[in-house]
1. For the chain, set up a GNM with springs between Cα atoms under 10 Å and report which of 332, 324, 120 has the largest fluctuation.
2. Of the candidates 88, 136, 251, which one comes out as most mobile in a Gaussian network treatment of the chain with C-alpha springs shorter than 10 Å?
3. Using the number of other C-beta atoms within 10 angstrom as an exposure proxy, rank 295, 311, 200 with the fewest first.
4. Which option, (i) 69, 48, 48; (ii) 75, 55, 38; (iii) 109, 46, 35, is the value of Cα extents along the principal axes in Å that was calculated from these coordinates?
5. Say the cut-off is 24 Å between C-alpha atoms; which of 29/151; 94/212; 106/151; 106/130 go over it?
6. Given 37 °C and 0.692 mPa s, compute D for segment 15-137 with the Stokes-Einstein relation, Rh being the Kirkwood radius over Cα pairs; round to the nearest whole µm²/s.
7. Would you list 277, 178 from fewest to most Cβ contacts within 10 Å?
8. If we count every other residue with Cβ under 11 angstrom of residue 199's Cβ, Lys/Arg +1 and Asp/Glu -1, where does the sum land?
Amino acid sequence: MAAVGEVHDGVDWGRMLTAGTRDLRALAKMFALIAVQPNLRWMNVETTAPGITFGQYAMTTKTVPHVVQLIGVDPSEPTLRFDTALSHEHVISKGERTSDLALRTKAVAGANGDYFDIGRTYEPQGMLIKSGVLLHGPTDHEAVVFDRTNKPTFAIFHLRGTVVDGARSYRITLYNSWPTRDVAIITPDYGPTLAAAPGVTFAALQPLGEGKYRVLSLQPMTVAIPVTFGLGFSSELREPLPQPGDVVDVHYAIEPPVPGAVAGIGSGPLLLKDGEWYEDKHAPAPDERDVQWPVIAIGTMPGGTLMFAAVDGRHPERSIGMTRPEFAEMLRGYGMLDAMALDSGGSVTLVSRAPGNAATTVRNVPSDFDQERYVTDALFVYSTAPLGTIVTSPRPHVEPTPLTVPLR
């Protein structure tokens, strides 16, 4: 066993070592959580920043090896905040590595995010909120939204919106998703280009304030166009479309509402609800439910601590991975209450800043030939605290026993 970390709240060292500090108590909790795991082979615990602990361990269950990484986050720590990061700052992109997203945005800990259109558009499957701005979705998948106090809300969120043009009304069903079968809002966050989409018409809008917009142009999407703010209308709509010059009212919001929403990411599946296994009927990639492979999740612990958990996989000699039910059972064993999986398989990447380092590094072993996969987004923790003082657990030291009898 090894322990290493940064002390940020210790001034009186004697008092700190006898009475403890919040960070040391959190480190002790992480130690206690790991120490009781079955057939434990080795473990390592760290303090990363005020309110953040990291743990890693190896165990064997039913003769199957597993390596697990954990990041505990105290949401009440005032120097911490949650937020998401988006590949190349566009919904449609070529993807970025989780570690590059962390370095670019100066995160101190976190993980890869949503399932996505791999190898093609990299569009996320679920909802994405970044710095308080809705960038994609929501869809019919589970998501987690954090408010300004770092409080998480797990739910299936829905987009409720309408476009009103005089006596005509249109229901908005998509946000930065293309093409559309109904009505979609498109913003410059989508990407530089809007692809051709037969049967869809795009209305470019000029904001006038208080939810009112003027229709600048109406264009059948027979060719690709540069992205501007506007609405995509499907030809399946029965109502006549707004015309250039019309002033329309556009209003939308997510439900259930989360006042002060700062960050949000999907798309599940939900693994635990109120401390029990949850069979998510809207799970992405449902055929992966019973496959042993790399898995990752974020969940809530008693007392309010938030926990990232990742299990390496596809390395038979080191860590085989887990099915979703097996993973949920492990999380339930930690005492987790609500837990939602993030994109698993080769996307699984957990990052944190090792004690004393200025930047994050990858803390698990990705399964794509030990290389990171390009992903669409990530969920991170950011800290404004400076680096702390490095402390390590004492190394064993053996002194020779003095001889009590003379040598002969």
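Nothing in this text is a laboratory measurement; each read-out follows from the coordinates by a stated rule. Note that the coordinates shown come from a computational prediction; the quantities given were computed from them, not determined experimentally. Virtual Cβ from ideal backbone geometry, glycine too; neighbours counted across all protein chains shown.
1. The residue that fluctuates most here is 120.
2. Of 88, 136, 251, the most mobile in the Gaussian network model is 251.
3. Taking fewest neighbouring Cβ atoms as first place, the list is 200, 311, 295.
4. (iii)
5. 94/212
6. Using the Kirkwood radius from Cα pairs, D works out to 192 µm²/s.
7. Ranking 277, 178 by Cβ neighbours within 10 Å, fewest first, gives 277, 178.
8. Summing Lys and Arg as +1 and Asp and Glu as -1 gives 0.
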